[in-house]
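Novice: Below: one structure in C-alpha cells.
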Amino acid sequence: MLFSNKDLKKLIIPLIIEQILVIAVGMADTVMISGVGEAAVSGVSLVDTVNVLIINILSALATGGAVAAGHYLGQKDKENACKSAWQLIFFSVILAVVITVIFIGMHDFILRHVFGSIDAQVMQNAKTYLLITAFSFVPLAVYNAGAALFRAMGNSKVTMWVSTVMNVINITGNAIMIYGLKMGVAGAAIPTTVSRTVAAVIIFAMLFQKKRDIHISGHVTWHLHLRMIKQILYVGVPNGLENSLFQLGKILLLSLISTIGTAAIAANAVANTITMFNILPGIAIGYAQLSTVSICVGAGDAKQARYYTKKLMWITYLGMALMSTAIFFTAHYILKIYGLSAETERLTIEVVRYHAIMVLIAWVPSFSTPNSFRAAGDVILPMVIAIASMWIFRIAAAYILTVQLGMGLMGVWIAMTIDWAFRAICYTIRYRGNSWLKKIQGTEN
C-alpha cells in the first residue's frame with residue numbers, strides 16, 4: 001500500500017487541528033466584532049462572503065497545483081514537481097495582484113451592486129473591512145499555494161504550525177485593536193491582513209529548503225511555463241469556476257437574506273461560523289484525500305485510489321457524527337457567548353440544529369467524493385453537476401421557500417440541503433463507474 005495507517009494519521013491529525021484553530025479563531029473574531037454591534041457583524045459578514053469568493057479562486061488554483069505536483073510525486077519525478085511548485089506560486093501572485101487592484105478600485109461599485117440598499121452603518125463597516133482586507137489577497141495566494149504543496153508532500157504538520165502562528169497573530173491583534181484601541185471593524189481587518197502576510201513569508205521561506213520532496217530553490221524564474229500552467233489550470237479553473245459560482249450563489253442568497261432584516265443577517269453570520277465545526281472533519285480529511293488519491297493516480301494505481309477514497313470518507317462520517325451530535329445538544333450554550341438579541345439567537349439555533357442533522361445525511365457524498373475526482377483530473381462533469389445543482393435547487397428553491405412560502409432564513413438553509421442531496425446522488429453514481437479514473441490506463445474493477 002502507498003500509505004500506511006501511520007502515514008494517514010500523520011497527515012490527518014495536523015489538518016484537523018489546523019481546521020479547529022482556523023474555525024475557532026473565526027468564531028472568536030465574530031464574538032469580538034459582535035461587541036461593536038450587530039451593524040458591525042453584518043458589515044463584516046457581507047464582505048466576508050465576497051472575500052470567500054476570492055479565497056475560493058486562490059484555493060482552487062492551489063488545488064490544481066497540488067494535484068499536478070502529486071501526480072509528479074506519484075511518478076517519482078521530483079524535478080518537475082519542484083518546477084510546477086514555483087509556477088503555481090508565480091501565477092497565483094499575478095492573479096492575486098489583478099484581483100486586489102480591481103477590489104480596491106471598484107469597492108464602492110462592488111458593495112452597492114451586490115448588496116443593494118442596506119443600512120448606512122452596515123455599508124460603512126463593509127467598506128472599511130473590504131478596503132483593508134483586499135491587501136491580504138497576495139500574501140493569501142502565496143500561503144494557500146505553499147500550504148497545498150506541503151499537503152501534497154504529506155507534510156501537514158508544517159501547515160498546522162504556520163496556521164497556528166497566523167491565527168495567534170490575528171486573534172491577539174483583534175483583542176488589542178478592537179478592545180484596547182477601540183478601532184471597531186478596522187481593528188478586525190488589520191490583524192487579518194498582517195497575519196496572512198506573516199504566514200506567507202514563513203511558508204515561502206520554507207519552500208526554499210532543498211531537503212523537501214517539493215522545493216523551489218533553483219527553480220525561481222520570471223517566465224511562465226505554459227505546459228505546467230495548463231496542467232494546474234486544468235484542475236484549477238473548473239474547481240475555481242465551481243467554487244466561485246457557488247460563492248456567487250451564496251452572495252445572491254445573502255442579498256435575499258438582507259431583505260429579511262438585520263437579525264437574519266446576523267443569525268446567518270453566526271450560524272455559518274458555528275456550522276463550520278460540523279463540516280470540519282470533512283474539510284480537513286478532504287485535503288488528505290486530495291493528496292493521497294493524486295499520488296495514487298500519478299502511480300497509475302486505480303485500486304488504491306478507490307481504497308483510500310472509501311477509507312477516508314468513512315473516517316469523515318465518523319468525525320462528522322461526533323461533531324454534529326455535540327453541536328446539536330450544545331448550540332444553546334454556545335450562543336450565549338455572542339450576546340445576541342432574542343430573535344437572532346432563536347433563528348441561529350434553528351438553523352444550527354437543522355444543519356447538524358442534515359450534514360450527516362448528504363454532505364460527505366456531495367463534497368468528499370469530488371475530491372477524488374479532482375485528484376484524478378476528472379473535473380468537467382462534476383463541475384457541471386455542481387453548478388447546475390446550485391442554480392436549479394439552491395437558488396430557485398431558496399427563493400420559493402423564503403419569498404413565496406414565507407419561511408425566512410430557514411428556507412435558505414433547507415434549499416442548501418436540497419442541493420446537497422442532488423449532488424450526492426449524481427456523484428455516487430459517477431464514483432461507481434470507471435470514467436473518473438480515465439487518466440489511469442487499463443482501469444479494471
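Novice: Select from PHE246, THR417, VAL158 the residue farthest towards the positive end of the dipole of the chain; place +1 on Cβ of Lys and Arg, -1 on Cβ of Asp and Glu, and compute about the Cα centre.
Specialist: Checking the options against the dipole of the chain, the answer is VAL158.
Novice: Sticking with this one: When the Karplus curve 6.51 cos²θ - 1.76 cosθ + 1.60 is applied with θ = phi - 60°, which whole-Hz ³J(HN,Hα) does each residue of region 187-200 get, with x for Gly and Pro?
Specialist: With coefficients 6.51, -1.76 and 1.60, one gets x, 8, 6, 4, x, 4, 5, 5, 5, 5, 5, 4, 4, 5 Hz.
Novice: If you place +1 on the Cβ of every Lys and Arg, -1 on the Cβ of every Asp and Glu, and leave all else neutral, what size is the dipole of region 5-437 about its Cα centre, to the nearest 20 Debye?
Specialist: Numbers: 30 positive and 17 negative charges, 273 e Å.
Here region 5-437 has a charge dipole of around 1320 debye.
Novice: A further question follows. What do you get for the angle between helix 78-105 and the principal long axis of the chain? Use alpha-carbon atoms, 0 to 90 degrees, nearest ten.
Specialist: 20
Novice: Among the lysines, which have Cα under 19 Å from the Cα of LYS127 when same-chain residues fewer than 8 positions away are ignored?
Specialist: Of all the lysines, those that pass the test against LYS127 - Cα under 19 Å, at least 8 places apart if same chain - are LYS182.
Novice: Determine the principal axes of the Cα atoms in the chain, then give the extent along each, sorted from largest to smallest and rounded to whole angstroms.
Specialist: 59, 43, 37
Novice: Name the residue from GLN231, ILE17, THR275 whose Cα lies farthest towards the positive end of the charge dipole of region 5-437, charges +1 on Cβ of Lys and Arg and -1 on Cβ of Asp and Glu.
Specialist: Highest projection toward the positive end goes to GLN231.
Novice: With springs connecting C-alpha atoms under 10 Å apart, model the chain as a Gaussian network and identify which of GLY240, GLY249, GLY70 has the largest mean-square fluctuation.
Specialist: Fluctuation is largest for GLY249.
Novice: Right, here's the next one. Quick check on the chain: helices-only [θ] at 222 nm, where DSSP H runs of length 4 and up contribute -39,500 (n - 2.57) each and the sum goes over total residues. Nearest 500, please.
Specialist: Working: 16 runs with 344 residues, N = 445.
So the calculated ellipticity at 222 nm is -27000 deg cm²/dmol.
Novice: Enter the angle in degrees (range 0 to 90, nearest 10) between the Cα long axis of helix 262-298 and the first principal axis of the Cα atoms of the chain, meaning the one along which they spread out most.
Specialist: 0
Novice: Please give the net charge around THR273, taking every other residue with its beta carbon less than 13 angstrom from that of THR273, where Lys and Arg add +1 and Asp and Glu add -1.
Specialist: On the way: positive: none; negative: ASP29, ASP48.
Result for the local shell: -2.
Novice: How about region 346-445: which trypsin sites (Lys or Arg not before Pro) there are in a DSSP loop, with at most 14 other Cβ atoms within 10 Å of their Cβ?
Specialist: Working: sites: ARG346, ARG353, ARG374, ARG394, ARG423, ARG430, ARG432, LYS438, LYS439; in loops: LYS438, LYS439.
Here the sparse-neighbourhood loop sites are LYS438.
Novice: On to the next question. Taking the Cα centre of the chain as the origin and placing charges on Cβ (Lys, Arg +1; Asp, Glu -1), which of GLN404, GLY218, ALA356 is farthest toward the positive end of the dipole?
Specialist: So the residue furthest toward the plus end is GLY218.
Novice: On C-alpha positions alone, give me the angle between the axis of helix 137-152 and the longest principal axis of the chain, in degrees, nearest 10.
Specialist: 40
Novice: Right, here's the next one. Each residue of region 421-438 in turn: what ³J(HN,Hα) in whole Hz from Karplus with 6.51, -1.76, 1.60 and θ = phi - 60°, glycine and Pro shown as x?
Specialist: 4, 5, 4, 4, 5, 5, 5, 5, 4, 5, 4, 5, x, 10, 4, 6, 9, 5
Novice: Do any of LYS10/LYS439; LYS76/LYS157; LYS76/LYS438; LYS10/LYS83; LYS6/LYS230 go past 32 Å between their Cα atoms, and which? The partial results should precede the final answer.
Specialist: Numbers: LYS10/LYS439 28 Å; LYS76/LYS157 22 Å; LYS76/LYS438 20 Å; LYS10/LYS83 26 Å; LYS6/LYS230 34 Å.
Listed pairs above 32 Å: LYS6/LYS230.
Computed from the coordinates by the stated procedures, all read-outs in this text should not be read as laboratory data. Keep in mind the model is a prediction, meaning the values are calculated, not measured. Here Cβ is always computed from backbone atoms with ideal geometry, including for glycine, and neighbour counts include all displayed protein chains.
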